[in-house]
Structure formats: C-alpha cells, structure tokens
1. If you build a Gaussian network model of the chain, linking Cα atoms that sit under 10 Å apart, which residue out of GLN44, GLN81, GLN13 swings the most?
2. Report the extension gain between SER17 and VAL5 in nm, rounded to one decimal, defined as 0.36 nm multiplied by the number of residues separating them, less their alpha carbon distance.
3. In whole Å, what three semi-axes, largest first, describe the equivalent ellipsoid of the chain built from its Cα gyration tensor (square root of 5 times each eigenvalue)?
4. Once you put a point 7 Å from the Cα of GLN44 and another 7 Å from the Cα of THR68, both along the Cβ direction, what distance in nm separates them?
5. Cut-off 10 angstrom, C-alpha nodes, Gaussian network model of the chain. Which of VAL78, VAL92, VAL48 fluctuates the most?
6. Just from its helices, what would the mean residue ellipticity at 222 nm be for the chain, if runs of 4 or more DSSP H residues each count -39500 (n - 2.57) and the sum is divided by every residue, rounded to the nearest 500 deg cm²/dmol?
7. Using a cut-off of 11 Å between beta-carbons, work out the net charge of the residues near SER105 (Lys and Arg +1, Asp and Glu -1, SER105 not included).
8. Heavy-atom accessible area per residue, the chain, 1.4 Å probe: how many Å²?
Amino acid sequence: QVQLVESGGGLVQAGGSLRLSCAASGNIFSSNVMGWYRQAPGKQRDLVALITNGGITNYADSVKGRFTISRDNGKKKVYLQMNNLKPEDTAVYYCNLDRGPYGGSVWGQGTQVTVSS
C-alpha cells in the first residue's frame, strides 16, 4: 500500500519562502508522475506543479517563476520550493502520485500554507 506524507507547511509573510516535502512509501512504480495540488476554502483543488520520474515539469501559470518542483527518485520524495509567496497562495497543499491506469492515484493528507499580507 502506497502512502504519501507531506511536511513543511506553515505561516509566512508575503514575499517569504517555504519548502514543502512529500515522502512516499510502498511501490510507487518506476514510471509515475508526482505533483502538488492546492485547495483554498470554498474552491476546487487545482494543480500547482507536476514532475515525471524523468524530470519533466509542468506548472500552473499562477506559480511560474516563483515555485520549483523537484524530486529525488532514490528517496521517493518530491519537493516544492515556494518563493515570493502571495496571500492568494494560501491553501491546503496536497501531494499526489499518479501511477497510471494500472496503479491509480494516491493523495497525501495535505499541509496548510498560510501567507499573511
């Protein structure tokens, strides 16, 4: 059984930085996509950034140039470096592992990020 555990959320002032981490356990499959999503109160869960096991990345327009996703395949971890944070980045951030049509999708429990103005 695969589990994802996020860490690194917290309260930060606008313009500050945070680094989120997500550790996976279990069989994550050799070909997969890991990503970060976020959900603000009363809103849907939206994509923030994705990274394939080969290192190809994709970002939401709202975070391009400010956030960087990376991963360590050996440690089965994915990271999200968030710089120049804005109040509108406030949300619960969720780690996701997509193992494709045969492995399915797995979600972490989420970590709160709050950016004060």
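1. GLN44
2. Numbers: separation 12, 0.36 × 12 = 4.32 nm, distance 2.03 nm.
2.3 nm is the gain from fully extending SER17 to VAL5.
3. Values: eigenvalues 114, 38, 32 Å².
Ellipsoid half-lengths, sorted descending, are 24, 14, 13 Å.
4. 3.1 nm
5. VAL92
6. Numbers: 1 runs with 4 residues, N = 117.
It comes out at -500 deg cm²/dmol, rounded to the nearest 500.
7. After counting each charged neighbour, the total is 0.
8. Working: 6130 Å² over 117 residues.
Ligands and nucleic acids excluded, the figure is 52 Å² per residue.
The values are calculated or read from the model by the stated rules, or taken from the named source; none is laboratory data. Here the structure is a predicted model, which is why all the values come from computation and not from measurement. No Cβ is skipped: glycine too gets one built from the backbone with ideal geometry, and neighbour counts run over all protein chains shown. Each accessible area value is taken on the protein alone, full model and side chains, heavy atoms only, with ligands, DNA and RNA left out. Shrake-Rupley method; radii C 1.70, N 1.55, O 1.52, S 1.80 Å.
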